[in-house]
Amino acid sequence: MAERDRRTQRTPGTAPWSREELQEIRDGLLAHFDAEARDLPWRGDPDPYRILVSEVMSQQTRLETVVPYYRRWMERFPELADLANAEEEEVLALWQGLGYYSRARNLRAAAREVARRYGGRLPDREDELRTLPGIGPYTAGAVASIAFGRPVPAVDGNVRRVLARLRNEPDPSPPTLRSWAGALVDPHRPGDFNQALMELGASICSPRSPDCHRCPLGRHCAGREAGRVEQLPARRPRGPVPHSHARVLVLRVSAGDGVDRYLLRRRPPRGLLARMWEFPEEGLLSCILRDAPTGLPDAPTGENTPTESGSSRGDAAFFGDDASGGNRGLPLEPVDHLFSHRRVTYHPRLVPLPPPPPAPPAGSGEGDVFKWVDETGLADLPIPVAQRLILAMARAIPDPRG
């Protein structure tokens, strides 16, 4: 009882654990990990490249979702050199569905940097790993400890939650968290320990309804002792998520050969969904809409379906805004998509056009490209999830012109 009292009376930010407590925490957590660790395809083979890919894919993504993507990735890019030599469009196409596409771009950029600076071998030091594109403190610590056995911490959201509860600290600063995690890391099995701590946060020490009775660190948890586990760490207030709308057109040409062709636009090389392909917004296509068929149902109009952004209005002026294109086409169901920092509701309309496909518009800037794509080509392009949903709806509707 005296040991427990001494442990819970420590104030946040001080030297957190005695030598005996450190050893108990390490032994207990590693024993639990050895018995309960999930069977994941990158475990058991500490290949640095494979570890890097798995860690980048796992950022803000559930492992159950990551596994099939990881397997497909390794089939296509089994070595770092394969990724370094790949075209960005192919990398994005393989990544589509995982979201946060900057991760894929940065992973490719990091592979190219490793090929250029390190002869194709990932550096084994945390500070060198952090110089690579897209690799921050967590990923560098994870790769250094798991792939190279370096006794360095790796603090992600799960680890932050576990440490805040262990120390009964509502809002520990990043330097404090790193100090605590660094003190805990087992010097003999640093990679396993970091994975064990992350997995504990993902499976037992969850944000809500944590399973404290199964926790191997329960007797060392000051938050549990204080009855505050579910209040820790303090939840940071979030502001409202910006919500915008985009009116998009699915222009389809159904030729006599039975092959449908769709007009797609590649987004500019910077910004949201950079270099991804999408159905263009209405304002971009007024020049083609002059030739759209009449007599089809009109899409809904009103203030709830504005154009996505001011840039679209500028592009419409560039192409010549012809109001006669108006609301032609067949309205499809709206598609709501939540990005990391904003929400967009797409209001699509299917516009069938007679063959042959008209010449696509000229792009309005660097990397801004339009092209007609047939069914085979659609499978090879990086197209965001929301746009794939729109495509699926369009495919289900036969050509109303017969």
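Things to note:
- Options ARG247, ARG236: the member that is in contact with a Ser or Thr (Cβ under 9 Å, 6 or more places away or on another chain) and under 30 Å from VAL344 (Cβ atoms): ARG247
- Residue, surrounded by the fewest Cβ atoms within 10 Å (Cβ to Cβ), within segment 49-62, restricted to residues that are assigned to a loop (DSSP other than H, G, I, E, B), in contact (Cβ under 8 Å) with a residue 24 or more places away in the chain and not hydroxyl-bearing (Ser, Thr, Tyr): GLN60
- The criterion of being among the aromatic types (Phe, Trp, Tyr), in a helix (DSSP H, G or I) and either modelled with pLDDT of 95 or more or on the phi > 0 side of the Ramachandran plot (or both) holds for TYR138.
- Exactly one residue out of PRO68, PRO46 is outside any helix (DSSP H, G or I) and assigned by TED's automatic domain parsing to the domain that holds VAL114: that is PRO46.
- The residue that is farthest from the chain's Cα centre (by Cα), counting only those in segment 377-400 that are β-branched (Val, Ile, Thr) and within 21 Å of PRO352 (Cβ to Cβ), is ILE397.
- Subset tally (residues that are farther than 20 Å from ARG342 by Cβ and either modelled with pLDDT of 85 or more or not assigned by TED's automatic domain parsing to the domain that holds HIS341 (or both)) for segment 278-296: 0
- Of residues in segment 148-206 being touching a Pro at 6+ places or on another chain (Cβ under 8 Å) and of a type in the set (Lys, Arg), the one farthest from CYS221 (Cα to Cα): ARG150
- Taking segment 333-392 and the strands (runs of 3 or more DSSP E) fully enclosed by it, the elements with 3 or more residues that are touching a Phe, Trp or Tyr at 6+ places or on another chain (Cβ under 9 Å) are at 335-338, 369-374.
- Meets criteria (of a type outside the set (Ser, Thr, Tyr) and not assigned by TED's automatic domain parsing to the domain that holds GLU36) for ARG219: no
- Scan of segment 97-120 for residues that are out of contact with any helix residue (DSSP H, G or I) (no Cβ under 7 Å at 6 or more places or on another chain), not aromatic (Phe, Trp, Tyr) and not in a helix (DSSP H, G or I), ordered by number: GLY99, GLY119
- Residues of segment 151-167 classified as outside any helix (DSSP H, G or I) and surrounded by 20 or more Cβ atoms within 10 Å (Cβ to Cβ), total: 5
- Of everything listed in (1) surrounded by 22 or more Cβ atoms within 10 Å (Cβ to Cβ); (2) within 26 Å of the chain's Cα centre (by Cα); (3) part of a helix (DSSP H, G or I), the single unmet condition for TRP180 is (2).
- Taking segment 304-337 as the range and being modelled with pLDDT under 85, touching a strand residue (DSSP E or B) at 6+ places or on another chain (Cβ under 8 Å) and either of a type in the set (A, V, I, L, M) or on the phi > 0 side of the Ramachandran plot (or both) as the test, only GLY329 passes.
- Output for segment 207-238, where each listed residue is among the small types (Gly, Ala, Ser) and in contact with a Pro (Cβ under 8 Å, 6 or more places away or on another chain): ALA234
- Cβ pairs under 6 Å, 6+ apart, first in segment 115-135 and farther than 19 Å from PRO46 by Cα and of a type in the set (A, V, I, L, M, F, W, C), second surrounded by 13 or more Cβ atoms within 10 Å (Cβ to Cβ) and modelled with pLDDT of 95 or more: ALA115/ALA84; LEU132/ALA110; LEU132/GLU113
The values are calculated or read from the model by the stated rules, or taken from the named source; none is laboratory data. Remember, it's a predicted structure, so these values are computed and weren't measured experimentally. Because the Cβ atoms are built from the backbone with ideal geometry, glycine has one as well, and the counts that use them run over all protein chains shown.
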